[in-house]
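What follows is a short report on a single structure.
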Amino acid sequence: MRTTLRRAMAAATRAARSRGVRASFLALALATAVWAIAAQWDGVIAGLREVTPAVLALAFTLGVAYVWVTMAAWRVVLLALGAPVPNTVTRTIFFVSQVAKYLPGGVWNIVAAAEMGADHEISRRRSVSAMAISLLLTVITGLMLACAVVLWGPSELRERYGWIVVLLPLLLLTLSPWALNRVLAVVGQGSEGPAMRVRLGTVITAGLLTILSWTLAGSQLYLLATSMGLQADAPNYLLCLGGYALAWVVGFLFIVAPAGVGVREAALGLVLAGALPEGAIVAVVLLSRVLLTLADLGLGGWAGLAARRRARRSARGRA
């Protein structure tokens with residue numbers, strides 16, 4: 001049984017290293033992301049009619065900043081688990097691999113990051129561990145923000161998403177360095193190289209960056225919502241901040257939906273119900289989704305092209 005499993009894993013690894021397989025995988029991920037935009041196009045057009053170009057540009061900038069800070073939080077964890085990695089390499093791995101999250105299943109961005117990391121002599125166990133810890137931080141900090149909305153927001157939210165209040169303390173137990181290091185020790189059994197460990201400082205730094213990323217995403221939603229009639233005040237800002245976090249976590253846990261498509265929008269609709277007319281809610285939610293998708297695709301494309309230019313320069317230097 002073990003021999004069969006090893007052979008299957010070896011075959012899968014060889015396939016993942018194939019340029020043809022990688023190109024096909026990336027093309028499928030891009031097509032899925034574009035489909036996610038095209039499927040919502042009518043709602044997006046309706047939203048574009050309601051916002052000024054300045055608001056749209058600022059909302060897109062906030063989306064790019066959100067993705068960038070998310071990368072920074074992941075990089076903190078990755079560096080804590082092993083030897084230093086150049087900034088250019090980590091940017092390429094993270095931004096390009098994020099395009100794969102638009103495939104159904106919820107794990108393809110982790111697979112892509114592991115394979116791209118292996119190209120730069122970063123072990124797959126290190127890449128997967130860093131991405132898993134980063135996602136755990138994202139879910140837990142998101143639940144912390146979401147709990148406030150569930151507890152003090154509309155009653156419909158408590159009825160549908162009250163379970164997150166119970167889930168949060170259970171997940172918090174897994175975030176201690178003691179618990180994380182025990183899991184990392186199990187993951188690293190039988191592997192060459194130094195043991196992977198994280199310290200409390202790593203968890204705190206990455207956690208603070210993750211909270212900053214939530215703030216940027218919530219600010220984008222608030223900006224779009226206020227441009228379409230939401231009253232600009234502190235309670236509504238907190239509603240958008242916690243509401244986006246709730247929607248993201250619910251969409252992430254529903255792994256069948258690529259990048260939470262549909263599930264996230266439904267949760268945001270419940271959060272904003274009563275604060276905006278139904279048509280405005282649809283426009284805000286879809287426009288936010290599309291801008292964040294474009295941020296993912298834009299940063300992925302930029303990082304991929306930059307990596308190709310560096311590879312060509314390196315090849316000319318060796319010639």
| task | Find out how many positive minus negative residues lie around VAL271, taking Lys and Arg as positive, Asp and Glu as negative, among other residues whose Cβ is under 15 Å from that of VAL271. | result | 0
| Within a Cβ distance under 15 Å of ARG160, other residues only, what is the Lys/Arg minus Asp/Glu net charge? | -1
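The numbers here are math on the coordinates, done by the rules we state, and not lab data. No experiment lies behind these values; they were computed from the predicted model shown. Positions of Cβ are generated from backbone atoms using ideal geometry, with glycine treated the same way; all protein chains shown enter the neighbour counts.
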